[in-house]
Structures are given as structure tokens and as C-alpha cells.
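Q: Got a structure for you, written out below as C-alpha cells; questions coming shortly.
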Amino acid sequence: MTRIFNDPADFADEALAGFCDAHSDLVRQVEGGAVRRNRPATPKVAVITGGGSGHYPAFAGIIGPGFADGAVVGNIFTSPSSQQAYSVAKAANSGAGVVFTYGNYAGDVMNFGMASERLKAEGIPTENVLVTDDIASASIEEAEKRRGIAGDFVVFKVMGAAAEAGVDLDSVVRLGRKANELTRTIGTAFSGCTFPGADQPLFSLPEGQMGLGLGIHGEPGLFDTELPSAVELGQELVRRVLAETPSSDSKRLAVILNGLGSTKHEELFVLWRTVAPLLREAGYTLVMPEVGELVTSLDMAGASLTLTWLDDELEQYWTAPALTPAYRRGAVGFDVAPVGADEAEVDATAAADYSSTAGSRAYAAQCLQALGTTAALLRDSESVLGDMDAIAGDGDHGRGMVRGSAAALKAAAVAFERGAGAGSLLAAAGDAWADKAGGTSGVLWGAGLRALGERLGDEETPTPDVLARSVRAFADRIAGLGKAEIGDKTMMDALLPFAASLEDRISSGIGAEQAWAAAAADATSAAASTAELRPLKGRARPLAEKSLGTPDPGATSLAMVFTAVGPHFTAAPVPAAAN
Ligand code: ADP
Ligand code: MG
């Protein structure tokens, strides 16, 4: 049963929209399906999977670095249209060609085929790799008629990793076809699946029976039989797949024991207990096996066993890192801290020897609060900033600011514990920000915070004047590093007006709190005005025209942060205005 739905006709669309929202750090919804959130830094082959809905994590769940570039998402168990395939391919294409890869079903073959013709007519090299792993669906003599089931996953993974490594279109296609030729799957079903809103299952099996080789949409299988024990089932699956061992002398296997939707992981592990030893007894080494749901069929109960005979290059791509909503493998360098890094950080800070005055300690507590406010604000704004950066940049500004500010907060908390004054606390926060954020803005924010801390020092409670000069030090350091000027459409367009406005107001005797609030308002309107500018610095520069009408993400985030931290930086012990 599918129990959670509104209008059944909208089910697939609503599921896609929810999925894209939940995983907005990795994927972006486009007409016809979804693509990666970030475009590749350099052109690469776009690997696009697809098919009907109802098979999650196939197909949209495996979009991301190391795996697919996009997925074309049809209605439940229904091929997407050629228009959808075309549209997703256009969105994912980065200039090195497109390959559609999908299970061998007539509707998919036609629609992806038509989309390919259209793309080729536009000069975009486009290829198709069909998956035909289901040994129950046709004899080996007619292997090209076989349909694609869980073997999809291995073929897509190999192609995705190869494309990520920069392999050209012909080679990605060759690798995909080779992976398909060396992949075999047998599936079994215990019960049918039910469409949202339907009161009958799409197909059914008599209670206590199992359908061997039944297709994932209920297509006929080999035969029905009484439900065997787990051991008997494991033996039957292994025997049938090994009976089709391809002409390969490889003794290394990629293995997938796949659940079809309502079979529990625990059941699969029980089955694995039989499958794995049998394969090892047959002389095989099992390379990064997967036991879980990889290609499902709504709420169907059942399991399938997939084997791929690996040669060196297939194994290289099968085991390569991937970072997708439903599937993560390996330590993908940019997003995973090495094990133990947290401990190392704490130790490094422990060695620091802080000495500070009581006034600076009190102010350090306020700086720590400011960093807490910053981290929380940026967490809430991550997707807004990311979307803004995606228009003409690479979409990572939200992520970078979140990572940087979270690391800064953590480092500042440790420094505070160790007795740091305000200056040392901000300097430590800046170093952590620069270290962890990634991206241009991360380097600049990190260096700026360090300069702010150095100017504040650990000796005194800052006067409004010192505060204004410290902000100026922040701006000077960033200007020195980034060399951007007013009008270049960068964070400087908010920062320089802020610094100038704060200095003016404070030197004319306005209290720190009001001066800061007014300067923040100036920065906010200056940031908004960057919408009219074309970027002259940074990653958005090549797409200057696209950026018109959208404010600069770095200027926007800077104005937001400066607005939010004002109360922390200007509250007592900063002395009130003299008048
Ligand atoms: P990246 O551009 O490396 O992806 P982010 O997306 O995190 O980094 O940050 C982009 C922002 O960085 C831009 O919106 C802009 O405000 C700022 N920026 C880019 N280059 C410069 C520069 N040279 N000086 C000051 N700010 C810059
Ligand atoms: Mg960016």
C-alpha cells in the first residue's frame, strides 16, 4: 500500500519536488527531472539516467559527484517523454557530450533515442547505454532483449565515476557497455506493489508463493514456487547467476543484494549470510558489496542478486568515491573531515598560551555570541545564498559560508575555554573559517576576521573608535587579498560602505550601537544595489550577463551577517556615547 499521497496523479511530481528540496545541497529540480546542484568546474561527460518513478533511489537518488549528472523522471513506472530527456540533458550538459543510460524498456529506448537525435542535431554529441542484466527476461542468445533491473546501479556507477575522472564520451560509453556485458541479475518477488490511490496491487502472488525472475513492474518471470527458506533462496539465486558466468577470467565481483521496497534490510542480511560464503567458496573476492535498496519497485516485497565480473578498470570505477543523496562511498575530499581531525584541532589550540585582560575576556564572550548568531543565521540562509550563487557562479556560497562559520564558532569556543581574549578568539575563528570554508569568500572572511582580531587585541575593552578601526582592518585585509574595488560586484560593495559609514558616524559622536545599525542598513541597501552590476571579479565574471538582476551573494551574506552581529559587538562593555 502507498498511504501518503494527495491527488494520485500528482504523486510522482510531488515526490520529485520533495526530494529536490530535501537534498537541495546536491540536486536541483529542472524541467523533466533533476540535475546536480553544482555544475562541474571543467567540462565533463554528462551521465544521465532515468526512467519511471517508483524505483528510488533509482534514478534521481544517485545524482552527485562521482555518479550521475542528472536523472530524467517519468511518472510511476512510465517512461519519461523525449522532451523531458532533452530538457534534463540540456541542463546537465557541460560541453563534453551526453550519455543517456537506462534499463532496456521500449518506451525508454524510444524516448531517450528521440531526445538523442534532437541533441545531436544541435551539435551535442549524445550516446545511449542500455542495461540488460535481468537473466530471467530472455535467453542468453537474445541477451539484447533482456530488461534492466538492479544491474543498472553498477553500470551507472562505473559510467559516473569514469566521467568524473575526466574520461571522454566514447570511453564512458565503452566502459558502460562493458560493465553491462559483465553484469547478471536474478530477481524474485514475494508480493506485488500498489500504485498510490489504487485499491488493488498491480499484480499479486498467491500467499506463501514466490515468483522467480519476476520483473520489477510485474512482468512475467520464470515460474512461481513455494516460499523457500532463506538458505534455499540464497542457494537458488547464486546458482542461477553463476550458471550465466560470462566469458571472463575475473575472480573479483561487484555484488548487489537488492531489496525491492518492502523487504527489510535485516531479511537481506540473513540472505547475505548464505550468498556471500557461496560466492567465496566459488573462488570469488567480493569487492565493496552492497546490501540494501538500490533499485526498488514501490512497495513490492522481493530481492535480487546482481554480480558484475570486474576487471581492473571496472573495479577502479566501481570503488571510486561518490556523494549523492541516497548513496555515499569513500571520503569525498571536499566534504568529509579526516577521522580524528576534531581531536587534533582541540590539541593544537590547547597548546596556545593566552593572556588577556578581564575587559577583553568579557568582550570575547560577546564575540563568541556574535559567531554563534552568524553560524545560525548562515545555516538558515544556506539555500538562499546557494541559489543566488548558482545563477552566475557555482552555487557553493551558502555551503561555504555555513562550513566556515561553523568551524569558526567551534574554534572560538575552544579558544574561549582556554582563556583567550577577544582578539585571539577572533583570530582563531578566522583561521578556522579560512581552513574549512573553501571558496573565495572563505579565504577572505577568514583573513578578515584574523585582521579584526589582531587590531582589537586582548588588552583593552574596545572603545567605539577601536571598533571602527578594527572593522576597517577587516576591510583592508580583504581588499588587499581580493583586490576588488567598489563596483566590481563583490562583497566589497557592501563592506566598504559599511566601514565608511561606521567610521563617519562614530567620529561624529553617535553611539556604537546606533552607528553600527545605521552602517548595517547602508550595507544592506548597497548589497541590494549590486543587482544592477555586472561582476568584474570572481567566478561569476564569465557569466556576467546572467548575473544582472541578481545581487552579489557575497555582498548579500556580508550585509546579513553584519546586521545580525551588531548587538553583540556594540553592547557593553563597549562604552556608551559620550553625549
Ligand atoms: P567561489 O567564488 O570560490 O565559489 P563563494 O561562492 O563562496 O566562492 O563566494 C563568492 C563571493 O565571493 C562573490 O559573491 C563575491 O562577493 C566574493 N568574491 C569573489 N571574488 C572576490 C574578490 N576578488 N574580492 C572580494 N570578494 C570576492
Ligand atoms: Mg561560489
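Q: For the stretch 8-325, compute Rh as the Kirkwood radius over C-alpha pairs and then the Stokes-Einstein diffusion coefficient at 10 °C and 1.306 mPa s; write the answer in µm²/s, rounded to an integer. Present the calculation step by step, with values, prior to reporting the outcome.
A: Values: Rh = 19.4 Å.
Result for D is 82 µm²/s.
Q: Please give the solvent-accessible surface of K410 in Å², to the nearest 10, using a probe radius of 1.4 Å with every protein chain present.
A: Approximately 90 Å² of K410 is accessible to the 1.4 Å probe.
Q: Any idea how far the Cα center of the stretch 75-139 sits from the one of the stretch 1-42, in Å?
A: The distance from the Cα centre of the stretch 75-139 to that of the stretch 1-42 comes to 19 Å.
Q: When ranked by the protection proxy of mean other Cβ atoms within 10 Å per residue, highest first, what sequence do the peptides 420-427, 141-148 form?
A: Values: 420-427: 28.5, 141-148: 16.2.
In descending order of packing, they fall as 420-427, 141-148.
Q: Report the equivalent ellipsoid semi-axes for the stretch 358-578 in whole Å, largest first, defined as the square roots of five times the eigenvalues of the gyration tensor built from alpha carbon atoms. The partial results should precede the final answer.
A: Details: eigenvalues 154, 76, 36 Å².
Values for the stretch 358-578, descending: 28, 19, 13 Å.
Q: Continuing with the same structure: 5 Å is the cut-off here: which amide hydrogens, built 1.01 Å from N in the peptide plane, fall below it relative to G33, excluding neighbours closer than 5 in sequence?
A: Amide H neighbours of G33, under 5 Å, 5+ apart: V73.
Q: Continuing with this model, one more query. Might you work out the accessible area of M492 for me, using a 1.4 Å probe with all protein chains in place, and round it to the nearest 10 Å²?
A: 0
Q: Still on this model: For the stretch 68-212, what is the percent of antiparallel DSSP beta bridges, rounded to the nearest 5? It would help to have the intermediate numbers written out before the result.
A: Details: 2 of 9 bridges.
The antiparallel fraction comes to roughly 20 percent.
Q: Sum -39500 (n - 2.57) across every DSSP H segment of at least 4 residues in the chain, then divide by the residue count to get the 222 nm mean residue ellipticity, nearest 500.
A: Working: 18 runs with 279 residues, N = 579.
About -16000 deg cm²/dmol.
Q: Further, regarding this structure: Counting alpha carbon pairs within less than 8 Å and at least 6 residues apart, what relative contact order, in whole percent, applies to the chain? Spell out each step's value before the answer.
A: Values: 1266 pairs, mean separation 60.0, N = 579.
Once divided by the residue count of the chain, the mean separation gives 10 percent.
Q: Once neighbouring chains are kept in place and the probe is 1.4 Å, which whole percent of the accessible area of the stretch 8-325 is contributed by carbon and sulfur? Write out the running numbers ahead of the final one.
A: Working: 6190 of 12060 Å².
Accessible surface attributable to carbon and sulfur in the stretch 8-325 totals 51 percent.
Q: With a Förster radius of 30 Å, plug the Cβ-Cβ distance of S383 and L481 into 1/(1 + (r/R0)^6) and report the FRET value to the nearest 0.05. Display every interim value, and only then the final one.
A: On the way: r = 28 Å, r/R0 = 0.92.
The computed FRET efficiency comes out at 0.60.
Q: I'd like the Karplus ³J(HN,Hα) series for the stretch 508-514: coefficients 6.51, -1.76, 1.60, θ = phi - 60°, whole numbers in Hz, and an x wherever there's a Gly or Pro.
A: Once θ is set to phi - 60°, the couplings for the stretch 508-514 become 8, x, 6, x, 4, 5, 5 Hz.
Q: Computing the accessible area with a 1.4 Å probe over protein heavy atoms, can you report the carbon and sulfur percentage for the stretch 358-578?
A: Working: 4880 of 8550 Å².
C and S fraction of accessible area: 57 percent.
Q: Just round it to a whole percent: the fraction of Cα-Cα distances in the chain exceeding 38 Å.
A: On the way: 71915 of 167331 pairs.
That tail contains 43 percent of the Cα-Cα pairs.
Q: What do the square roots of 5 times the Cα gyration tensor eigenvalues come to for the stretch 1-151, in whole Å, largest first, as semi-axes of the equivalent ellipsoid? List each step's numbers first, then the result.
A: On the way: eigenvalues 101, 95, 38 Å².
Those come to 22, 22, 14 Å.
Q: Per residue, how much accessible surface does the stretch 146-250 expose to a 1.4 Å probe? Answer in Å², no decimals. All intermediate terms of the calculation are to be shown ahead of the outcome.
A: Numbers: 4260 Å² over 105 residues.
On a per-residue basis, the stretch 146-250 sits at 41 Å².
Q: Averaged per residue, what accessible area in Å² does the stretch 358-578 show with a 1.4 Å probe, protein chains only?
A: Values: 8550 Å² over 221 residues.
On a per-residue basis, the stretch 358-578 sits at 39 Å².
Q: Output the antiparallel fraction of DSSP beta bridges having both residues in the chain, as a percent to the nearest 5.
A: On the way: 30 of 55 bridges.
Bridges in the chain that DSSP calls antiparallel: roughly 55 percent.
Q: What list of ³J(HN,Hα) couplings, whole Hz, do you get for the stretch 256-272 from phi and the Karplus terms 6.51, -1.76, 1.60, once you set θ to phi - 60° and write x for glycine and proline?
A: 10, 10, 10, x, 8, x, 10, 8, 6, 4, 4, 4, 5, 5, 4, 5, 4
Q: I've got another one for you. May I ask for the distance between the Cα centers of the stretch 516-579 and the stretch 199-251, given as a whole number of Å?
A: With the stretch 516-579 and the stretch 199-251 each reduced to a Cα centre, they are spaced 61 Å.
Q: For the stretch 150-171 and the stretch 407-485, what is the separation of their Cα centres, given in Å?
A: Result: 44 Å between the Cα centres.
Q: Which whole-Hz ³J(HN,Hα) couplings does the stretch 18-27 yield from phi under the Karplus relation 6.51 cos²θ - 1.76 cosθ + 1.60, θ = phi - 60°, glycine and proline marked x?
A: Per-residue couplings from phi come out as x, 4, 5, 5, 5, 10, 5, 6, 10, 10 Hz.
Q: Dipole size in debye (nearest 20) for the chain around its Cα centre, Lys and Arg Cβ +1, Asp and Glu Cβ -1? Before the final figure, lay out each step's value.
A: Working: 46 positive and 72 negative charges, 194 e Å.
Using only the charged Cβ atoms, the result is roughly 940 debye.
The values are calculated or read from the model by the stated rules, or taken from the named source; none is laboratory data. Predicted model only: the values in this text are computed from it and were never measured. Ideal geometry is used to build each Cβ from the backbone, glycine not excepted, and the neighbour counts take in all protein chains shown. In case anyone asks, the SASA skips ligands and DNA or RNA and just uses the protein heavy atoms, side chains included. Shrake-Rupley method; radii C 1.70, N 1.55, O 1.52, S 1.80 Å.
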